[in-house]
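Taken together, the values in this text are just the output of simple stated rules run on the coordinates, not laboratory data. Keep in mind the model is a prediction, meaning the values are calculated, not measured. Cβ placement follows ideal geometry from the backbone for every residue including glycine, while neighbour counts extend to all protein chains displayed.
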Amino acid sequence: MRNATVLIAFIALGMARGAVPGVPCAPSRPQLFPCVMTRYSTPLKLGWVLGVVRYQNANRNFQHGPFVQLEPGFGGGKVNLGYRYSRSGFLPVFNVGLSASLLQTWGNPLGDVEPGQTFTGIELSTAFSVLGFNAGIFRHVAGDDSDHDWITTLGVGAGF
């Protein structure tokens with residue numbers, strides 16, 4: 001009976017601290033986490049974000065790591081390569097990332113940006129739970145649209 005009481009007290013103490021002794025709170029090895037989102041952004045219009053993050057746990061609820069994303073849309077497409085910080089519990093709470101991006105327009109992009117143009121730039125992205133936002137600045141690098149040396153992007157979406 002005394003052994004059972006000691007064992008219950010030991011387990012309760014471990015749970016009060018957040019973990020049972022000897023069992024790690026978070027994986028120590030990097031883990032791949034998928035990114036899937038529907039986003040409306042300039043100049044791509046409605047699109048989808050598909051990607052993966054290679055998270056390393058900083059501590060129990062914070063992760064960080066590199067990510068890659070593809071974002072095809074009706075007005076163009078984008079490839080993002082960056083680094084992201086995240087806080088999560090059972091579900092993601094928030095994340096913030098900075099990426100180098102390559103953007104190509106096609107179809108009928110938003111604004112007066114012409115199709116067939118290529119831009120390169122940086123983009124800041126953040127998400128709160130399942131609602132995501134992005135903003136970036138891009139330099140025109142290829143195509144015949146000499147009116148747009150620089151463009152900005154803004155977007156909002158939902159996903160994880």
message = List the trypsin sites (Lys or Arg not before Pro) within the range 54-160 that DSSP assigns to loop and that have no more than 14 neighbouring Cβ atoms inside 10 Å.
response = Arg60
note = The exposure ranking of Val93, Val53, fewest beta-carbon neighbours within 10 Å first, is Val93, Val53
note = Per residue, the convex hull enclosing the alpha carbons of the range 30-159 has a volume in Å³ of 76 Å³
key: Exposure proxy order (Cβ contacts within 10 Å, fewest to most) of Val68, Val130, Val49   = Val130, Val68, Val49
request  = Please identify which residues in the range 106-125 have an amide N closer than 13 Å to a label point set 7 Å out from the Cα of Ala100, following the Cα→Cβ vector.
outcome  = 120-123
ask   = In what sequence do Phe138, Phe74 fall when counting other Cβ within 10 Å, fewest first?
value = Phe74, Phe138
